[in-house]
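A quick write-up on the structure given underneath.
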Amino acid sequence: MTNSVTESILTVAGLNASIEGQQVVEDVSFEMLPVGVTALLGRNGVGKTSTLRAIMGLIERSGEVTIAGERVDREPTHRIVQRGVGYVPEDREVFASLTVNENLRLAERDSTPNRQLIEELFPDLIARAGQLAGTLSGGQQQMVSLARALVNDNRVLLVDEPTKGLAPLIVMDVAKALERAAQTVPVLLVEQNLQVVRMLADKAIVLEGGRVVYDGSAEELLGNEALTKELLGVA
Amino acid sequence: MSTIILLLITGLGLGALYFLVASGLSLIYGLMGVLNFAHGSFLTLGAFAGWELSRRMGGESWGTLIASMLLGMVVGAAVAAATEFLLIRRLYNRHIEQVLVTVGLALATVALFEGIWGTDPIYVTAPPWLSQTTEILGARVPNDRFLMIGAAVLVLLGIVAFLRYTRFGLIIRAGVENRSMVTALGIDVRKAFTVVFAIGGAAAGLGGVLASHYFGYVSPQLGGSLLIFAFIVTVIGGLGSLAGAAIASVVVAILQQFANYFWGGTGDLMVVLLLAVVLLVRPTGILGKKA
């Protein structure tokens, strides 16, 4: 237990998950570094998003999930989050009928939220505090989604495809925000954009068919064109 | 002209009753996806609680009327919260079981009320002003309609203020849009479920007391008869939309009044036809959102 706390902030062991009876994650096991960015990679449909959702308890799952040495796999989603897990879902899922400020207020768990960090990272959001989130651009909505996770002091962040569908300029803004966030909290990042992964990730875990097929240095994986092509289908 | 005025204000009064029932139904469905067929029982119990208080305190004073309205709200809220906590909470996302349980509860409670208070209507007493009329543009409008309208407006404003200015309200608004994401922000959305049931039950309980004055009696079937129209109002307004429920309540009740007067008592038929038209033209209702 002590080793686990010092070596890994998030440990997943024998994780299985299903959606409407269909298995989407099969016997996935990995450990996540307590610092920096760990990238969870794989081709489309291999179960990356489902793995994050299973860790969060958002879909039916079995297996062990440990956060800083504490088992959380039998806990409901809100308790897992209260233990210090920030979650940025795929497709942002901002509350369109709430203002930017209301989206942030809703996410605040602590009496002293990190509003200053949000102001530094996303000054545009502060200017648009009273605007309905549904009227924001995709990039701005992604900022709201990230800000909701960063407004609290978390032990770990799970971030699902934050650059999906964004313009290249916005992609870099999001990547820089994540880089800054990763200085204070470890990030498990699902990302298709390998340029962003190269920029941010220290470690990479690759899923295939719902299983882990690579668990090691992100630099080594992405530096090996043949391996990258074999595992991810792109170079 | 005086007939039009009378039908309009009477329609607004009836619409106020529909809104008091439909507001809770709409919020409960919007947040939890639960079609609560037991909602009429909260109304009936509120009405009986108000009547019991009224007959003990003497029903002709305003103090008694206000106390009975408050008691109706408290009883409605308590029973609704208990229903959510004891029965519905175990059945989220199990829609068939929800329907079976809430329909069963509705039938069982009507039988229980009949066992306690009998099957005959019990006539209520009220402050004399309520049984008098006020002349507006030549129409002699029963005063109790003003009470209904005033109460519904206060409830609407109260719910809107609660949703807009409290944290629970924020959670409920977000939960209506995306419940799982609220949970993923570390919020125990089940507490909001109980609060929404309590709010809906309070509005229904108040509606029960007011309905007993609108119709002049309380009976075990009071809630069931209003519930049918409240469901229609909820669907026409758009499931989950409080503003939609308010608009649809007024439209349905006024249509009903006019059709009953001008087209030979066809009010109920016209309401059902309106429901069919809305479902064909705009299946999500007036202000409902697409799934």
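Shown in residue order for the range A:129-135 are the 3J(HN,Hα) couplings computed by the Karplus curve 6.51 cos²θ - 1.76 cosθ + 1.60 at θ = phi - 60°: 4, x, 7, 5, 4, x, 9 Hz (x for Gly and Pro). Derived scalar couplings between HN and Hα for the range B:111-120 equal 4, 5, 4, 5, x, 7, 10, x, 8, 7 Hz in order, rounded to whole Hz, by the Karplus curve 6.51 cos²θ - 1.76 cosθ + 1.60 (θ = phi - 60°), x for Gly and Pro. Per residue, the average separation of C-alpha pairs within less than 8 Å and at least 6 apart gives chain B a relative contact order of 36 percent. Using R0 = 45 Å, the C-beta based FRET efficiency linking residue A:217 and residue B:90 works out to 0.40. Residues whose amide H comes within less than 5 Å of that of residue A:99, counting only those at least five positions distant or on another chain, are A:133 (H built at 1.01 Å from N in the peptide plane). Taking amide H as placed 1.01 Å from N in the peptide plane, residue A:88 has its amide H under 5 Å from the amide H of A:158, A:159, A:160, each at least 5 places away in sequence or on another chain.
With each label modelled as a point 7 angstrom along the Cα→C-beta vector, the residue B:119-residue A:44 pair spans 6.5 nm. The mean count of C-beta atoms from other chains within 10 Å of the C-beta of residues in A:95-101, rounded to a whole number, is 3.
Dividing the summed helix terms, -39500 (n - 2.57) for each DSSP H run of n ≥ 4, by the number of residues in the protein assembly as shown produces a 222 nm estimate of -18500 deg cm²/dmol to the nearest 500.
The aspartates and glutamates whose alpha-carbon is closer than 12 Å to the alpha-carbon of residue B:289, local same-chain residues fewer than 8 away aside, are B:177. Other residues whose C-beta falls under 13 angstrom from the C-beta of residue B:218 contribute a net charge of -2, scoring Lys and Arg +1 and Asp and Glu -1.
Using 17 Å as the cut-off for backbone N distance, which residues of the range A:197-235 belong to the label zone defined by a point 7 Å from the Cα of residue A:35 along Cα→Cβ? Under cut-off, by backbone N: A:200-204, A:217-219. Under the simplified labelling scheme, the residue A:120-residue B:280 pair shows an inter-label distance of 6.2 nm, with each label point 7 Å from Cα along Cα→Cβ.
The label-point distance for residue B:82 and residue B:217, in a model that sets each label 7 Å from Cα toward Cβ, rounds to 2.8 nm. Could you pull out every one of the lysines with an alpha carbon less than 29 Å from that of residue A:229, ignoring same-chain neighbours closer than 8 positions? Correct list for residue A:229: A:48, A:164, A:176, A:203.
Label point 7 Å out from residue B:190 along Cα-to-Cβ: which residues of the range A:73-111 have amide N under 18 Å? Residues A:73-83 fall inside that zone.
Bear in mind these aren't lab numbers, they're just calculated from the coordinates by the rules spelled out. Every value quoted in this text rests on a predicted model; they were computed, and no experiment measured them. Cβ coordinates were reconstructed from backbone atoms using ideal geometry, including for glycine residues, and neighbour counts include every protein chain displayed.
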